[in-house]
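Pasting a structure here, questions to come.
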Amino acid sequence: MTLLREAIGDSLRRARLAQSRTLREVSTSARVSLGYLSEVERGRKEASSELLAAICEALDVPLSRVLWDVSTIMAGVDAATAGAPADEAAAAAAEPERTAAEPAAQAESASAAATISADAAARPLPLAEDTRIVIPAPRSDMLVLVKGA
């Protein structure tokens, strides 16, 4: 079972490593002790919302993105421990955000979660030029090896 603090730590560490930054750089920028940041990244300490916000600001990553990443990690773990096939676990981890206004039937619909409309897929996202997109590396238990031709 993956704990929430471990998933948060994994997400923060991946964001930091994707930027090739050291713990010292981030801890100084976030005004958090180096040791405490290390403990948070290793999932040993529960970080407060204020501390998470400071770390995310230092990493220039929105807190909502970290929480989204954590929710996909937790959804993938939950699906895997429930005995769901790998494809279903991956689909559960990749499911888009839902709002409270959406009907429950639509949220439960597998086809609605798995399909993106052609209009939405064709529209480019409005991103600022200095926006960084961080794609977390897949966990080793989620990798599929394919033999080349």
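Hey, any hits in the range 43-50 for a residue that's without any contact (Cβ under 8 Å) to a residue 12 or more places away in the chain, under 16 Å from the mean Cα position of the chain (by Cα) and part of a helix (DSSP H, G or I)?
No.
Any chance the range 96-103 includes a residue that's at pLDDT below 95, within 21 Å of A15 (Cα to Cα) and either open to solvent by 30 Å² or more (accessible area, probe 1.4 Å) or of a type in the set (D, E) (or both)?
Yes.
Would you check if there is a residue in the range 25-42 being under 16 Å from the mean Cα position of the chain (by Cα) and without any contact (Cβ under 8 Å) to a residue 12 or more places away in the chain?
So far as the range 25-42 goes, no, none of its residues is under 16 Å from the mean Cα position of the chain (by Cα) and without any contact (Cβ under 8 Å) to a residue 12 or more places away in the chain.
The values are calculated or read from the model by the stated rules, or taken from the named source; none is laboratory data. Keep in mind that this is a model prediction, so the values were computed, not measured. FYI the Cβ positions are ideal-geometry reconstructions off the backbone, even for glycines, and counts take in every protein chain you see. Protein only, heavy atoms only, side chains kept; ligands, DNA and RNA dropped before computing areas. Shrake-Rupley method; radii C 1.70, N 1.55, O 1.52, S 1.80 Å.
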